[in-house]
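Below is one structure, written out as structure tokens, with a few remarks after it.
Computed from the coordinates by the stated procedures, all read-outs in this text should not be read as laboratory data. For clarity, every value in this text was computed on a predicted model and none was experimentally measured. No Cβ is skipped: glycine too gets one built from the backbone with ideal geometry, and neighbour counts run over all protein chains shown.
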């Protein structure tokens, strides 16, 4: 295969380097490796998220390297092999199941298939679905019939753990008692507190419910130490 060194365009981008004739730079990407990398990162983020929520997650799962992941699941992982369930540390009977769905649009039939694949539905506390495509409105309506809480994440939103960003302030989820102490101390009502919407990425990460309070602590060069409170609405 002949090669030249020059500036060339590929998919609208310019590159300077070795160009193999009749080949684009993206042709050399290992699609299997790219796919397994996405699954590896997103699965690890979900494991970290569940641990932060108080679930019993093995350290060996969190510390698993990409080569180790590929040795277990392969370069093109089977979606069923990626699913897992974890139990709440404070109540082992409460379990959450995590499932990855395919790249086709999610329709009602897909959601019914998901429900049919779940065993021991009565003991399930929650379900997390990780999507790689859009879910239509009829499928979303079907999820409302599930007898347990269902959370939906796009895989692209899980390629970075937002709580680990250097600019992210410290977040502490307050108990009902702690919230009441804050309300009494400052003589406040819920409606007087700054709000966090249910669509907020942090709210979704921690799986917070309406009415829960979050203590936010800022530290940095500009602000030495600042504490604020927000209520999920």
Percent relative contact order for segment 54-166, counting Cα pairs under 8 Å at least six residues apart, stands at 22 percent
If each DSSP helix of 4+ residues adds -39,500 (n - 2.57) and the sum is divided by the residues in the chain, what number results at 222 nm, nearest 500 deg cm²/dmol? -8500 deg cm²/dmol
I'd like the orientation of helix 31-52 relative to the chain: the angle between its Cα long axis and the longest Cα principal axis, in ° from 0 to 90, rounded to 10. 10 degrees
Once you sort the root eigenvalues of the Cα gyration tensor of segment 47-128 as a ≥ b ≥ c, which label holds: rounded (a/c under 1.5), prolate (a/b larger than b/c) or oblate (the other case)? oblate
Shape verdict for segment 163-232, please, from the Cα gyration tensor: rounded (a/c under 1.5), prolate (a/b greater than b/c) or oblate. oblate
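What FRET efficiency comes out for the pair residue 83/residue 63, r = Cβ-Cβ distance, R0 = 22 Å, nearest 0.05?
Working: r = 20 Å, r/R0 = 0.92.
Once rounded, the FRET efficiency stands at 0.60.
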Global size of the chain as Cα Rg and Dmax, reported in angstrom: 22.2, 76
Crossing angle, helix 108-117 versus the chain [Cα axis fit, 0-90 degrees, rounded to tens]: 80 degrees
In degrees, nearest ten, helix 176-186 long axis to first principal axis of the chain (Cα): 70 degrees
Cα gyration tensor shape for segment 81-135, rounded if a/c is under 1.5, else prolate or oblate: prolate
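Under 8 Å for C-alpha pairs, at least 6 residues apart: give me the relative contact order for segment 163-232, rounded to a whole percent.
Numbers: 87 pairs, mean separation 26.7, N = 70.
That works out to 38 percent.
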Expressed in angstrom and rounded, the centroid-to-centroid distance over alpha carbons for segment 170-196 and segment 210-233 is 10 Å
Just for the chain, what percent of DSSP beta bridges are antiparallel, to the closest 5? 60 percent
Counted neighbours (other Cβ, 10 Å), sorted fewest up, put 140, 51 in the order 140, 51
Candidates 177, 68, 144; GNM for the chain (alpha-carbon contacts under 10 Å) flags as most fluctuating 177
What's the ranking of 98-104, 211-217, 88-94, 185-191 by average number of surrounding C-beta atoms within 10 Å, highest first? 211-217, 98-104, 88-94, 185-191
